[in-house]
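Peer 1: Questions regarding the structure given below will be posed in turn.
Please treat every number below as a calculation from the coordinates, not as lab data. Nothing here was measured: the structure is a model prediction, and the numbers come from that model. Here the Cβ is made from the backbone with ideal geometry for all residues, glycine too, and neighbour counts use every protein chain on show.
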Ligand code: SAM
């Protein structure tokens, strides 16, 4: 049977296409793309002539049986999204699950991803971190999600559309308090920039000048000191001995 390759594409800088990604897109039988017109530009740039088929959030259910049948017949398929890693806040996971269920080989390629690229230059703790992706937009649902996240001691990473960054930062600050945070703007592009500060400072900045694509990263909650009554007595005694 054929292999399903998961192929990352650049998040703004064409030079971030890996040699292996180009070779894979060249040699597979078919490319399943989130937006075939968008991907065609990438294929033209790298002189790749492989045929495409659309695979996006609105045709996932009808396409999956078709793609699985092609894989079973021996064709190899590369799945790509518009930018970065497939499945990461992008189409892909249902196809991967279906391929695994059908016992078909799934091969992921490493490559561009906005979240981890932002994280390593943020200055915030790189681990543990929690990748959240896009918050729900409905205010009540968003608030419930943020309330759960507020207790996390891990760095939290959000994606957001350019038009909603200031509003989303305001919602985060209302629940998280005024923590340290970082905005990574236009990664890998001409106007790449990191804005670091308290959430209230970033909100002021965002209302003034938020343009382009953003990753939002927020410092984790301060570790909660254990309450004395939660600590078993033997440990309390041991702590007294240790501390002289
Ligand atoms: N699959 C992609 C990945 O692996 O990063 C993410 C796709 S998601 C639909 C798009 C979101 O990712 C944007 O709204 C933004 O939050 C983030 N993003 C993508 N490219 C970016 C860039 N060049 N700079 C900053 N954020 C970016």
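Peer 1: Determine, from the Cβ-Cβ distance of residue 125 and residue 62 and an R0 of 51 Å, the FRET efficiency 1/(1 + (r/R0)^6), rounded to the nearest 0.05.
Peer 2: 0.75
Peer 1: Additional query: Just the Kirkwood number for region 21-179, please: inverse of mean 1/r across all distinct Cα pairs, in Å, one decimal.
Peer 2: Over region 21-179, the inverse of the mean reciprocal pair distance is 17.9 Å.
Peer 1: Could you check which residue among 216, 88, 64 shows the biggest mean-square fluctuation in a GNM of the chain with a 10 Å Cα cutoff?
Peer 2: It is 64.
Peer 1: Under a GNM of the chain (C-alpha, springs under 10 Å), which listed residue has the highest mean-square fluctuation: 162, 108, 226?
Peer 2: Result: 226 has the largest fluctuation of those listed.
Peer 1: To continue, here is another question. Write down the percent of antiparallel bridges among all DSSP beta bridges whose residues are both part of the chain, to the nearest 5.
Peer 2: Of all bridge pairs located within the chain, approximately 50 percent are antiparallel.
Peer 1: Please report the equivalent ellipsoid semi-axes of region 108-243, computed as sqrt(5 x eigenvalue) of the Cα gyration tensor, largest first, in whole Å.
Peer 2: Here the semi-axes work out to 33, 18, 14 Å.
Peer 1: Next question. What number, rounded to the nearest 500 deg cm²/dmol, is the helix-based mean residue ellipticity at 222 nm of the chain, given -39500 (n - 2.57) per DSSP H run of at least four residues and division by all its residues?
Peer 2: Taking each H run of at least 4 residues, the total per residue is -11000 deg cm²/dmol.
Peer 1: For the chain, modelled as a Gaussian network with Cα springs under 10 Å, which listed residue fluctuates most, 210, 101, 181?
Peer 2: Fluctuation is largest for 101.
Peer 1: Now for a different question. Please compute the length gained on full extension between residue 53 and residue 101, using 0.36 nm multiplied by the number of residues separating them and subtracting their Cα-Cα distance.
Peer 2: Here the segment from residue 53 to residue 101 would lengthen by 15.1 nm.
Peer 1: Follow-up. In Å³ and rounded to a whole number, note down the convex hull volume per residue for the Cα atoms of region 100-167.
Peer 2: 169 Å³
Peer 1: Between residue 14 and residue 143, how high is the FRET efficiency from 1/(1 + (r/R0)^6) when r is the Cβ-Cβ distance and R₀ = 45 Å? Nearest 0.05.
Peer 2: FRET efficiency, residue 14 to residue 143: 0.70.
Peer 1: Sticking with this structure for a sec: Run the simple label-point estimate for residue 196 and residue 227 please: 7 Å along Cα→C-beta, distance reported in nm.
Peer 2: Distance between label points: 3.6 nm.
Peer 1: Once both labels are modelled 7 Å past Cα along the beta-carbon direction, what's the residue 1-residue 163 spacing in nm?
Peer 2: The modelled label-to-label distance comes out at 4.2 nm.
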